[in-house]
Amino acid sequence: MRIEKCYFCSAPVYPGHGMKFVRNDCKVFGFCRSKCHKNFKKKRNPRKTRWTKAFRKSVGKELTLDYSLEFEKRRNIPVKYNRELWSKTVEAMKKVESIKNKRQARFILNRLKKGKELEKAADITEVKKNIHLIRAPHAGHAKQLEDKMVQKLAEDVEMDE
Amino acid sequence: MALYNFKKIMVVPTAKDFIDITLSKTQRKTPTVIHKHYQIHRIRHFYMRKVKFTQQNYHDRLSQILTDFPKLDDVHPFYADLMNVLYDKDHFKLALGQINIAKNLIDNVAKDYVRLMKYGDSLYRCKQLKRAALGRMCTILKRQKQSLEYLEQVRQHLSRLPTIDPNTRTLLLCGYPNVGKSSFINKVTRADVEVQPYAFTTKSLFVGHMDYKYLRWQVVDTPGILDHPLEERNTIEMQAITALAHLRAAVLYVMDVSEQCGHALSQQLELFNNIRPLFANKPLIVMANKCDVRKISELSEENQACDRLLAHRVDTKMKTKKVHDVLNRLHLAVPTKRDQKERPPFIPEGALLRRKAVEMDAPKRKLERDLEVELGDDYTLNLQKYWDLMNPEEKQDKIPEVWEGHNIADYIDPEIMKRLEDLEREEELREKAGEYDSEEESEDEEMQEIRQLASQIREKRKLKILTSKEKDTQGPRMPRTAKKVERATLEKEMADLGLDMTDKDDSHYALRSRSLVRKRKREVSVPPMSRTRSQSTSRPPRDQSGVRDAKMLKKVKTMMKSSQKEMNRQGKKGESDRHVFDVKPKHLLAGKRKSGSTSRR
């Protein structure tokens, strides 16, 4: 029992799901759903189809080079069952997963930071240019003037005294 | 050697066929559609391709002919001589030479015409050049008609020559015509040569094969040789002479003892002496044939020049050997005893035991089937008990395969704990370095305010767009001034924008309400003080409504004037006047184009 990876979108294919295609040169292609299968038949390149993991990795949107990713690797030589090794592996797997997720999330966060800066700048320019839509230019000026005059009068009165 | 190739020579077509084949091939394999209006380089390329294609075809076929035919200098001298005898070496070489010349001429023609084609400037010219080129090539080939015919005949004859290998063991039969050479070869080999009472039944060389002492022997039958000098020999005899001269074989000189061939024994002896020089370095056997007709003993003692080996005796000897052939091939090799030690054959103990066990027919280990029968319904196939693990008590473990979408088998690694430690160390370092700190910049209040304002602006803008989209642009349009602006809406809008609209009763837009209030008093009507008052005071004159102050008034007036300037200049009645007085003015559109460019009319 193995969970395969979809050839097109790199999603996990559980047993009993998806389709497999065997080509004349004996290469096997597994797909998670008919969407990926149809795209493959249309000869689309997964590295250019924007919603696939292959595209995201090739274009740098996701974490590619990391030690935590080297743990999960398809091994072609089976190892004999050994209870101790298996139990250790399961524990290690859990830890590695948590670290891997943390790192991937951090990578994406860092990538999106730039956007935040741009948002800030956009807000500032927006306010500068279009403030007239929500605030009249001399809003509150009348009141200010009045206050100033009142203040001045008060001062004059004081001075007189 | 070159033996095999004689059958593989390509068919040499006649000149007419050759031309037809090549021209039709050119027709079929090159593009055929061309038009006058194509670009000249394309037309040139089209015709050049045809010329080159034809030249290529001719060249290839002629080269193949030249290489297929054997070169007389390269083949075994036996074949060279044989071919000389049969086809005349000079004629052969000449024919091939002519073919070679034709090939070169064709190449030159093609080269010249391709060069000329580069200067062809129309379809017609290029086509004529191509016609000329192909015509010349075909004429060259027409002149080779004789050579090609001759070569075709040579090829057919060559392919029918018997395959005589000049290097293997050969027996050569020679002698007068009709002495019994062909009968002998028929008897000894599986060959089926024609045997007839007249002389020169055999007109060319024949080969048969036989086995002797587990080896293959070639037996070559020749046409008879008559006794006259070399120069007078005809083609048929020359073949025999050639064979004698070049093949390294054992020669069997056959003599007819009964003189049934028509030549006396003395004549045969004479011939033997004449061709003796050809027998140098070759083992010679003189065969006395047709002994059944006339016994050797009946020969007069004068004829004792011939040796006494009887061919028939040899014949019968060989025949008996054939019967024991198969048995003779089997032979058990036993090593010779080198000392007195006994060396019996060795059989391993296990084999002996097994043989005994088979005989005893004892039951072996308990089979699964036995177990199944024993347990009946409770039986479950449990193959895990046969596993070969390091700790046998783990055999019945349920092995986990998958965890949360990952295959455990992908993580199995004897060094996984070490690597995990490295990873965790790395992670600690990173955390210490502060990579995972949540960077929430406490934005200053100013920034927050700006953000809020920006979002408000965006919302307001969207609303405006929506309201403008909801307008009915297709239906009847009323000018903006037709609808009265409600004081309440105006004051609400301005209040939203932040202005203070509380005390605006005596503003210019609130006149009506004021006047309304006034009119209710019903006092003695005061005479109008100015003309403006007699008019309905609710409506201010157009050039004053909406105008705040003198500065604005001035600006408004200038805007009005500037928008009308262009229209006045063009003498239009208003902004909707699109009448064109002279749609097609004659002075612009009539007349010939004299000097000047034709870019516009």
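The values are calculated or read from the model by the stated rules, or taken from the named source; none is laboratory data. Values in this document were obtained by computation on a predicted structure and should not be read as measured data. So basically every Cβ, Gly included, is an ideal-geometry build from the backbone, and we count neighbours across all protein chains shown.
Numbers for the structure displayed
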{"quantity": "Residue among A:143, A:114, A:148, A:120 that is out of contact with any Leu (no Cβ under 9 Å at 6 or more places or on another chain), within 30 Å of residue B:456 (Cβ to Cβ) and exposed (fewer than 10 other Cβ atoms within 10 Å of the Cβ)", "calculated": "A:114"}
{"quantity": "Some residue of the stretch A:6-15 being among the β-branched types (Val, Ile, Thr) and within 13 Å of chain B (Cβ to nearest Cβ)", "calculated": "yes"}
{"quantity": "Residues satisfying the stated conditions in the stretch B:161-176, i.e. within 15 Å of residue B:239 (Cα to Cα) and not polar (S, T, N, Q)", "calculated": "B:161, B:162, B:164, B:166, B:172, B:173, B:174, B:175, B:176"}
{"quantity": "Condition check for residue A:94: surrounded by fewer than 17 Cβ atoms within 10 Å (Cβ to Cβ), within 14 Å of chain B (Cβ to nearest Cβ) and out of contact with any Cys (no Cβ under 7 Å at 6 or more places or on another chain)", "calculated": "yes"}
{"quantity": "Members of the stretch B:146-173 that are outside any loop (DSSP other than H, G, I, E, B) and in contact with a strand residue (DSSP E or B) (Cβ under 6 Å, 6 or more places away or on another chain)", "calculated": "B:170, B:171, B:172, B:173"}
{"quantity": "Residue count for the stretch B:108-136, restricted to those that are touching a helix residue (DSSP H, G or I) at 6+ places or on another chain (Cβ under 6 Å), assigned to a helix (DSSP H, G or I) and touching a residue at least 40 places away in the same chain (Cβ under 8 Å)", "calculated": "11"}
{"quantity": "One residue from B:62, B:82, B:94 being surrounded by 15 or more Cβ atoms within 10 Å (Cβ to Cβ), more than 24 Å from residue B:110 (Cβ to Cβ) and outside the structural domain of residue B:205 (by the TED database)", "calculated": "B:82"}
{"quantity": "Residues located in the stretch B:405-452, provided they are hydrophobic (A, V, I, L, M, F, W, C) and assigned to a helix (DSSP H, G or I)", "calculated": "B:408, B:409, B:416, B:417, B:420, B:423, B:429, B:433, B:447, B:450"}
{"quantity": "Test: residue A:99 is surrounded by 10 or more Cβ atoms within 10 Å (Cβ to Cβ), without any contact (Cβ under 8 Å) to a residue 24 or more places away in the chain, part of a helix (DSSP H, G or I) and at the interface with chain B (Cβ under 7 Å from one of its Cβ atoms)", "calculated": "no"}
{"quantity": "Tally, over the stretch B:374-393, of residues that are closer than 23 Å to residue A:83 by Cβ, of a type in the set (A, V, I, L, M) and outside any loop (DSSP other than H, G, I, E, B)", "calculated": "1"}
{"quantity": "Lone unmet requirement of (1) more than 10 Å from chain B (Cβ to nearest Cβ); (2) not in a helix (DSSP H, G or I) for residue A:138", "calculated": "(1)"}
{"quantity": "Residue identified as more than 7 Å from chain A (Cβ to nearest Cβ) and modelled with pLDDT of 90 or more among B:426, B:459, B:441, B:445", "calculated": "B:459"}
{"quantity": "Which numbered condition residue A:28 misses (of (1) more than 9 Å from chain B (Cβ to nearest Cβ); (2) surrounded by 11 or more Cβ atoms within 10 Å (Cβ to Cβ))", "calculated": "(2)"}
